[in-house]
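Derivation of every value follows stated rules applied to the coordinates shown; laboratory data play no part. Please read all numbers here as calculations on a predicted model, not as lab measurements. Reconstructed Cβ throughout: ideal geometry from the backbone, glycine too, with neighbour counts over all protein chains shown.
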Amino acid sequence: MIAAIEASALADWAGSEALVYPVANTAHVIGAVLLVGGIGLLDLRLLGYGRRLAPQTLAEVVTPLALVGFGLMVVSGGLMFAADARAMAASPLFAAKLGLIGLAGVNAVAFRSMFRRLDGGIPPGARILAAVSLALWLGVVVLGRLVAYF
Ligand code: HEM
């Protein structure tokens, strides 16, 4: 699988065109800002910060931005992965990062199915999942950055 990615035209393009990696890396950071900025703000609101903001309205405003950010991260992250597939596949930090992304996704789906609307007060369970979400997404950001160093 990794050998096939390495041998692909996409890997060739991502690894040899001087602009592809920096553009993908920049898009990745913009995606992180949209995703963690959006969902992180909602998580903080659910944890009690910024009580003047209506949680349901905030959820409706930030969720599309976070989804666009996540889409941007998957595409740009896939390109960066293809450019350096063997090293990434061997990195325990990268594997841990993908694991946290999976957990954050499960947490988000669980949240949306358990708490469909947020205008009737914030149940304690929603606060717990919001804290988990914040910790997981920040963990993904930290691991994403550290992959370059370890
Ligand atoms: C499935 C989706 C993703 C893939 C395949 C992916 C892949 C990658 C790759 C290959 C790198 C370059 C690592 C290096 O520096 O050598 C990277 C960097 C990074 N990723 Fe991701 N990533 C994904 C999603 C995410 C998400 C959801 C976040 C955060 C919420 C994130 C945060 C970061 C950060 C902060 C960096 C470092 C950027 C920099 O400082 O240059 N990634 N990612």
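In this calculation the C-beta distance from Leu93 to Arg52 is compared with R0 = 30 Å, giving a FRET efficiency of 0.15.
So how much slack lies between Ser8 and Arg117, counting 0.36 nm per residue of separation and subtracting their Cα-Cα distance, in nm? Before the final figure, lay out the partial values.
On the way: separation 109, 0.36 × 109 = 39.24 nm, distance 4.47 nm.
Length difference between fully extended and current span is 34.8 nm.
In terms of its Cα atoms, the chain spans 54, 26, 26 Å along the principal axes, sorted from long to short. Rounded to the nearest 20 debye, the dipole size of region 2-147 about its Cα centre is 700 debye, using +1 on the Cβ of Lys and Arg and -1 on the Cβ of Asp and Glu.
Placing dummy labels 7 Å off each Cα toward the beta-carbon, the span from Ser16 to Leu138 is 4.4 nm. When you filter the trypsin sites (Lys or Arg not before Pro) in region 1-53 for DSSP loop state and at most 16 other Cβ atoms inside 10 Å of their Cβ, you are left with Arg51, Arg52.
With the Cα gyration tensor of region 1-71 in hand, convert its eigenvalues to equivalent ellipsoid semi-axes via √(5λ) and list them largest first in whole Å.
37, 12, 9
Of the residues Met73, Met114, Met88, the one that moves most in a GNM of the chain with alpha-carbon contacts below 10 Å is Met114. Each of Ile2, Val109, Tyr49 was placed along the dipole of the chain (beta-carbon charges, centred on the mean Cα), and the one lying farthest toward the positive end is Tyr49.
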